[in-house]
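The values are calculated or read from the model by the stated rules, or taken from the named source; none is laboratory data. All values reported here derive from a predicted model rather than from experimental measurement. Cβ coordinates were reconstructed from backbone atoms using ideal geometry, including for glycine residues, and neighbour counts include every protein chain displayed.
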């Protein structure tokens, strides 16, 4: 599938996910989990990096929403409705992270750059600097790739001289052609997301 179509599907999914009912959220989560099990180590690493974000969401909801306290007699007790709402929101976020990982994060850097550039390219007609933005994104992805390949202090703090010397002298952005199958896939995905969102 065209990388631009994958990015658009991820954006539409992010808009539809908050409105999904428990049934649809459970079905989507199960499907995403089955797709992610092909690379279990990657899935574990994804949730390990996101654990504090997910936990923080649960705690914020648990202590901010009023309701019946979870522990009777404690003035600082989290509320039961808040805890339930926090768990559901963390669940939605986890599903969104799995979806983004499957659709976008597994793309090679060149494909991700081409996908973003293909979505920005039509904006040139209204004066948006699509070429400059695409080049800056490509250089950023290149720098991040170099840092990820480092180790120890270089990966943690970065080495400005090393990163600068490793920058390419030129950057070529190749835009993949939109095929009929890409457009049909995007249309079907949009229709499915719209139907699920309305049915929820």
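Results for (1) modelled with pLDDT under 85; (2) surrounded by fewer than 13 Cβ atoms within 10 Å (Cβ to Cβ), shown as yes or no for each residue.
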position	(1), (2)
28	no, no
45	no, yes
49	no, yes
58	no, no
86	no, no
116	yes, no
Criterion first (crowded, with 16+ Cβ neighbours inside 10 Å, under 24 Å from residue 112 (Cβ atoms) and at pLDDT 85 or above) does residue 33 satisfy it?
no
Checking residue 100 against (1) modelled with pLDDT of 75 or more; (2) surrounded by fewer than 13 Cβ atoms within 10 Å (Cβ to Cβ); (3) closer than 22 Å to residue 24 by Cα, only one condition comes out false. Which one?
(2)
If you check 25, 12, 35, which single one turns out to be assigned to a helix (DSSP H, G or I), out of contact with any helix residue (DSSP H, G or I) (no Cβ under 6 Å at 6 or more places or on another chain) and under 21 Å from residue 101 (Cα atoms)?
25
When you scan the stretch 38-72, how many residues do you find that are under 28 Å from residue 199 (Cα atoms) and outside any helix (DSSP H, G or I)?
1
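Results for (1) surrounded by 13 or more Cβ atoms within 10 Å (Cβ to Cβ); (2) modelled with pLDDT of 75 or more; (3) within 24 Å of the chain's Cα centre (by Cα), shown as yes or no for each residue.
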site	(1), (2), (3)
138	yes, no, yes
143	yes, no, yes
151	no, no, no
185	yes, yes, yes
Tell me whether the stretch 80-92 contains one or more residues that are in contact with a strand residue (DSSP E or B) (Cβ under 9 Å, 6 or more places away or on another chain), in the same structural domain as residue 183 (by TED's automatic domain parsing) and over 28 Å from residue 192 (Cβ atoms).
yes
